[in-house]
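To keep things clear, I will list the structure first and then write my remarks on it.
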Amino acid sequence: MRNAYAFTRPVANSYLVRERDRRRVRELALVLLVVLCLGGGLLAYTWIHLEVTRTGYRIDKLERELTKQTREERQLRLEAAYLASPSQIERRAIKELGLQSPVLEQVIFWEELP
Amino acid sequence: MRRRLGIVAGFGIFWMLLIGARFYHLQVVRYDHYSNKAERQQQRVVTLDPPRGTIYDAQGRELAVSIQVDSVYAVPPEIEDPEAAAAALAGAIPGLDRAKLARQLAGDREFIWVARKLDPPVAEKVHALELKGFYFVPESKRYYPMGELAAQVLGYVGTDNHGLAGLELVYDREITGKPGKRTVLRDARQGTVAAPDLSSAEPEPGHDLYLTLDATVQHIVERELARAIQERHAKRGSAIFLDPVTGGVLAMASYPTFDPNDFGSYSPESWRNRAVADVYEPGSTFKIITAAAALEAGVVRENDMVDCGGGSITLFRNIRVRDHKSYGMLTFAQVISHSSNVGVIRVAQRIAAKPFYANIRAFGFGQQTGIDLPGESAGILHNVERWGLLEKSYISFGQGVSVTPLQLVAATAAVANGGALLRPHTVAAVSRGEARVPKYLTPPVVGRPISPATARELTRLMEGVVIDGTGKSAAVPGYRVAGKTGTAQIPVRGGYRGYLPSFVGFAPADRPALVGLVAIAEPQGSEYYGAQVAAPAFSAIARQVLLYRGIHPERPRPSVWMGQVTMLAGLPASPAAAPAVPRLALGEDDVLADGDDHAVAVETPEPESDHGAPKGGHPHASL
């Protein structure tokens, strides 16, 4: 192999031009388009599905929050109603504020005002 | 090589055909079966409890409210240590039987209720335990924030959220509403995911009730009734107060009472609404009806003389009816004011039995009043065709006839309002969405047992009872009160046991704003007359309620009260009150509003002179 040599001969084929197969290009473009459409559709479908699920979770969470808030609001109303009961007011007025019921002579009626 | 490829390809095609066939079987042949199964696994139908309607008093205060609370259930197969779980829960839930729960948790059941409708603080404690195998489900629970107030009127609901007594029972259909349903998706962790495309039906909330009953009036009536009963060591009692113009019930109290939040802890006796369910012989209070019949029939006038003889009258052979003392000759007005049995019998004997009976029926006795409360008794009034020789005489002074307290107060309201018998009612309006639909657009008149002229004459007779008769202790300073005392004996098998003193009346007599009855059963001690036991309670109630309702007394206009005012009654709370306040030399801050659009109290400056206000520096409040 040490004594080996090689010949080089220039090939003059630069004038040759590969003919463009338009039909194949169209087919390729069509395939690409179909694949893109299918893939895009699939992605869109998956995305929408995920969004629906995610929104479902969000709605569920908000509904729970709403239920919780409504429950708290009702509890506060209940407490307010308890505190507004005449027996509670009377008890606190007498024990905490040292008030007592008035007698008639201590009362002026609206109709009696001059 | 080609043969081997053919064999492999053949296997491949066969395998693919098998897969395809299986797919076909699953997706086409068994489609319905598996899609239904998937739905069952992935979807869950949640029942949405409708909020039960709220019950409000006449001033818009909440008497019965529903809120969502948690119930706890267990799935025993998921629980690793039932003993420890039971111990932890017993520490958090008061009254929970630890041993029983541990036994149930160790059993082979798939589901057990641990506790239903926990109060929010208790539920929080259970949540904090984070026990495995225990789950929560929201349920609606009824609360009565004012506790025992009007318990027998409001009633109570059972665990299934349906009314079992009182208004909760009568108006159950209106209050309950309709449950809704929502389909949700379940994820792998058994969590729920809302799916808007799945079916859902929102719950329809129950309607709210707006009562004629006023919580403050009810409180006053309950307090005074309990006080009278406890002072006399009596066994039970009832009191009713109506608006004589509309027939609306302002207050209805029974003693003993109970807390509807925990009705199971009380005896069924205390659940009883005695004002509508109990019947009793009314005694002398029934003389109002006899007097009405006599005046209406024209057989007597208020100043006609009646011979009350020597204090007794023989009805038949040895059957005699006595008075407390020998009255001799009395005017008919005095017969009523002194409550003479003999005099009333003599007058009743002038009326024929049939018109007398017809008049008693026209006043609503022997039939239900039609009030919107359950368990109403019709009382006992025998048909006139079955009356014997003595029936009319006995009935004339309130024996041989049984009435409910409600019937008697409704009849007295007819006297008060000029002769119209009204149907008593407790509900003023029912909500329909945002609107409030009144139950009656005009007062529900069910009859006219007496003419206005008779009503006026009878009012004068009843006023005489309080001014100069047996009912002096029912008087209310500053107001004209009309009424009648009664002391009936309580019939038991073979005789009578104990007394039932009562007082029925209205005030002010000339412009009635309040008609009421107080009846107290079996007081102990030597004082058991209506005048001694029931009339003072009526007076105490009427005094406070008239004041609360802003019914001004008959007295000269106060002109020198500047700086002495302790209360403004019937005055709208600020800002409407503001213009009046400077005239009374008071600051706006001195007015304390009670939330009912009425100013209730102002601080009391020390009285400087005897202008009518009492000495002493105590501030005052009115409720």
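Scan the range B:537-554 and tell me whether some residue there is away from chain A (no Cβ under 14 Å), surrounded by 19 or more Cβ atoms within 10 Å (Cβ to Cβ) and not acidic (Asp, Glu). Yes, there is a match, as at least one residue in the range B:537-554 is away from chain A (no Cβ under 14 Å), surrounded by 19 or more Cβ atoms within 10 Å (Cβ to Cβ) and not acidic (Asp, Glu).
Of the residues contained in the range A:95-106, one or more are found to be more than 8 Å from chain B (Cβ to nearest Cβ), assigned to a helix (DSSP H, G or I) and at pLDDT 90 or above. Scanning the range B:389-417 for residues that are at pLDDT 95 or above, buried (at least 24 other Cβ atoms within 10 Å of the Cβ) and assigned to a loop (DSSP other than H, G, I, E, B) yields a total of 1. Evaluated against (1) free of Cβ contacts under 8 Å to residues at least 24 places away in the same chain; (2) closer than 30 Å to B:Ala251 by Cβ, B:Asp323 falls short on exactly one condition, (2).
Out of contact with any His (no Cβ under 8 Å at 6 or more places or on another chain), surrounded by 13 or more Cβ atoms within 10 Å (Cβ to Cβ) and among the aliphatic types (A, V, I, L, M): does that describe B:Leu105? Taking the combined requirement at face value, the residue satisfies it. For the range B:294-351, filtered to residues that are in a loop (DSSP other than H, G, I, E, B) and among the basic types (Lys, Arg), the residue that is nearest to B:Val384 (Cα to Cα) is B:Arg350. Looking at the range B:106-153, which of its residues are more than 16 Å from B:Ala88 (Cα to Cα), within 13 Å of chain A (Cβ to nearest Cβ) and of a type in the set (A, V, I, L, M)? Matches in the range B:106-153: B:Val137, B:Met146, B:Leu149, B:Ala150, B:Ala151. Every condition in (1) assigned to a helix (DSSP H, G or I); (2) open to solvent by less than 50 Å² (accessible area, probe 1.4 Å); (3) within 12 Å of chain A (Cβ to nearest Cβ) holds for B:Ile175 except the one numbered (3). Applying the criterion of being of a type in the set (A, V, I, L, M, F, W, C) and open to solvent by 60 Å² or more (accessible area, probe 1.4 Å) to the residues of the range B:135-169, the residue that is farthest from B:Ser66 (Cα to Cα) is B:Phe136.
Of all residues in the range A:66-87, none are more than 30 Å from B:Leu149 (Cα to Cα), of a type in the set (Gly, Ala, Ser) and free of Cβ contacts under 8 Å to residues at least 60 places away in the same chain. When you scan the range B:505-523, do you find a residue that is over 25 Å from B:Thr212 (Cα atoms), surrounded by fewer than 17 Cβ atoms within 10 Å (Cβ to Cβ) and at pLDDT below 95, even just one? The answer is no; no qualifying residue exists. Inspect the range B:178-199 for any residue being open to solvent by less than 60 Å² (accessible area, probe 1.4 Å), among the β-branched types (Val, Ile, Thr), outside any loop (DSSP other than H, G, I, E, B) and free of Cβ contacts under 8 Å to residues at least 24 places away in the same chain and give the result as yes or no. Yes, the conditions are met somewhere in the range B:178-199. Within the range B:161-179, the residues that satisfy the criterion of being of a type in the set (Val, Ile, Thr) and out of contact with any strand residue (DSSP E or B) (no Cβ under 7 Å at 6 or more places or on another chain) are B:Val170, B:Thr176. Going by the structure shown, is B:Leu517 over 28 Å from B:Tyr56 (Cβ atoms) and either in contact (Cβ under 8 Å) with a residue 40 or more places away in the chain or in a loop (DSSP other than H, G, I, E, B) (or both)? The answer is no for B:Leu517.
Among the residues that make up the range B:408-425, is at least one of them of a type in the set (Ser, Thr, Tyr) and within 28 Å of B:Gly298 (Cα to Cα)? Among the residues of the range B:408-425, at least one is of a type in the set (Ser, Thr, Tyr) and within 28 Å of B:Gly298 (Cα to Cα), which makes the answer yes. Residues that are buried (at least 24 other Cβ atoms within 10 Å of the Cβ), hydrophobic (A, V, I, L, M, F, W, C), part of a strand (DSSP E or B) and within 14 Å of chain A (Cβ to nearest Cβ) do occur in the range B:235-250. Quick check: anything in the range A:30-50 among the aromatic types (Phe, Trp, Tyr), open to solvent by 100 Å² or more (accessible area, probe 1.4 Å) and either within 14 Å of chain B (Cβ to nearest Cβ) or not in a loop (DSSP other than H, G, I, E, B) (or both)? The answer is yes, given that some residue of the range A:30-50 is among the aromatic types (Phe, Trp, Tyr), open to solvent by 100 Å² or more (accessible area, probe 1.4 Å) and either within 14 Å of chain B (Cβ to nearest Cβ) or not in a loop (DSSP other than H, G, I, E, B) (or both).
More than 7 Å from every other protein chain (Cβ to nearest Cβ), basic (Lys, Arg), surrounded by 11 or more Cβ atoms within 10 Å (Cβ to Cβ) and out of contact with any Phe, Trp or Tyr (no Cβ under 6 Å at 6 or more places or on another chain): does that describe A:Lys61? In short, yes.
Matching residues to (1) away from chain A (no Cβ under 14 Å); (2) farther than 23 Å from B:Arg142 by Cβ; (3) open to solvent by 40 Å² or more (accessible area, probe 1.4 Å); (4) assigned to a strand (DSSP E or B):
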| residue | (1), (2), (3), (4) |
| --- | --- |
| B:Glu39 | yes, yes, yes, no |
| B:Ala58 | no, no, yes, no |
| B:Val65 | no, no, no, yes |
| B:Asp70 | no, no, no, yes |
| B:Pro77 | yes, yes, yes, no |
| B:Ala86 | yes, yes, no, no |
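The residues in the range B:120-146 that are on the phi > 0 side of the Ramachandran plot and touching a helix residue (DSSP H, G or I) at 6+ places or on another chain (Cβ under 7 Å) can be counted, and the count is 1. Here B:Arg227 qualifies as touching a residue at least 24 places away in the same chain (Cβ under 8 Å) and either surrounded by fewer than 22 Cβ atoms within 10 Å (Cβ to Cβ) or out of contact with any helix residue (DSSP H, G or I) (no Cβ under 7 Å at 6 or more places or on another chain) (or both). Residue-level check: of (1) away from chain A (no Cβ under 14 Å); (2) at negative phi; (3) open to solvent by 40 Å² or more (accessible area, probe 1.4 Å), B:Gly95 misses just (2).
The values are calculated or read from the model by the stated rules, or taken from the named source; none is laboratory data. These numbers were taken from a predicted model, which means no experiment stands behind them. We place every Cβ from the backbone using ideal geometry, glycine too, and count neighbours over all the protein chains shown. Accessible surface areas use protein heavy atoms only, side chains included; no ligands, DNA or RNA. Shrake-Rupley method; radii C 1.70, N 1.55, O 1.52, S 1.80 Å.
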